[in-house]
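The structure appears right after this line, and notes come after that.
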Amino acid sequence: MQRRTFMKGTLAASGVAVAVSAGLLSPRAVLAAWPKSAFEAKSVPDALSGLGISTTATSGDIKIKAPDIAENGAVVPVTVQTSIAGVTSISILAEKNGSPLTANFVLKGSAQGFVATRIKMQKTSAVIAVVKAGGKAYSARKEVKVTIGGCGG
Amino acid sequence: MAKKSIRLRASNKGGVATVKALITHPMETGLRKNKKTGKKIPAHFIQTVSGKHNGKEVILCEWGGAVSKNPYLSFQFAGAKKGDSVELTWSDNKGGSESASTKVR
């Protein structure tokens, strides 16, 4: 029994160990690293709860820049900008992807409420941006029409 | 990966630096199938990207497989001066990682 629990522990830790051995994340940062459950969640509420967000308030202070029509779902440029003060994280979700959470950005120190990246989208759906600031979560959404899906190819 | 996988640039406008980065990475979701063999292509994607300003972390990105191939990332931070160092480090789910640094111009 002892051995079994030990093995389980080792397996769980091995993923973390890889990150540590990469030598780039301090052990402290690793504890909070990569929210697997959030990325594997199959629905938007599940993904958000994986990030510790239960409710979001719609906010007009979040601007999502994304194309109205994305010809290629494999590359959808998304820019999220917010004027909300004290932003601690910005998450980008594609509502109808198999796993909606695409990226989560943790902002620290002097970082501004601005991130841009490119995401894959399976089909036409809303891109949702969730901004965490001062312990509260705000969201905004924008419809993106996808003509060729980008997941699975 | 003989060539550097990160292209990094940081510009300064009124003390706010805009960092733009292009990373070369396959970003396999693990859901795609090889058309010839019908086997799934194993997942291989960047999980975390850390951006530092003068050695202090300003952004930590946590990515899933749904970030596009050869990802583009841009972020901004305040309090930048010309010549400040900006460092970017990524690590993927297979334990690979790489970092690059540049100066704010």
Candidate set: region B:8-29, residues that are in a strand (DSSP E or B) and within 26 Å of B:K94 (Cβ to Cβ); chosen: the one modelled with the lowest pLDDT: B:E28
Is it fair to say A:I90 is over 22 Å from A:F39 (Cα atoms) and either within 18 Å of the chain's Cα centre (by Cα) or not assigned by TED's automatic domain parsing to the domain that holds A:P45 (or both)? no
Could you check A:N97 against (1) at pLDDT 90 or above; (2) facing another protein chain (nearest Cβ under 7 Å) and say which number it fails? (1)
Hand me the list of strands (runs of 3 or more DSSP E) wholly inside region A:84-153 holding 1 or more residues that are in contact with a Pro (Cβ under 6 Å, 6 or more places away or on another chain) and touching a residue at least 24 places away in the same chain (Cβ under 8 Å). A:87-94, A:111-119
For residues in region B:90-105 being at the interface with another protein chain (Cβ under 7 Å from one of its Cβ atoms) and touching a Leu at 6+ places or on another chain (Cβ under 8 Å), which is nearest to B:M27 (Cα to Cα)? B:S91
Among residues of region B:57-85 being under 15 Å from B:I23 (Cβ atoms) and polar (S, T, N, Q), the residue surrounded by the most Cβ atoms within 10 Å (Cβ to Cβ) is B:S68
Expected single match for of a type in the set (G, A, S), closer than 19 Å to A:I119 by Cα and over 12 Å from the mean Cα position of the chain (by Cα) among B:A10, B:A66, B:A17, B:A21 is B:A66
Looking at B:E87, B:E57, B:E62 in this structure, which one is more than 7 Å from chain A (Cβ to nearest Cβ) and either part of a strand (DSSP E or B) or within 16 Å of A:L101 (Cα to Cα) (or both)? B:E87
May I ask you to verify whether B:I41 is β-branched (V, I, T) and in contact (Cβ under 8 Å) with a residue 40 or more places away in the chain? no
Restricting attention to region B:29-52, which residues are among the β-branched types (V, I, T), surrounded by 13 or more Cβ atoms within 10 Å (Cβ to Cβ) and more than 12 Å from the chain's Cα centre (by Cα)? B:T29, B:I41
Go through region A:45-77 residue by residue and tally those that are within 13 Å of chain B (Cβ to nearest Cβ) and either at pLDDT below 90 or not in a helix (DSSP H, G or I) (or both). 12
(1) under 30 Å from A:S37 (Cβ atoms); (2) at pLDDT below 90 all hold for B:T48 apart from (2)
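The values are calculated or read from the model by the stated rules, or taken from the named source; none is laboratory data. What you are looking at is a predicted structure, and each value in this text was computed from that prediction instead of being measured. Here Cβ is always computed from backbone atoms with ideal geometry, including for glycine, and neighbour counts include all displayed protein chains.
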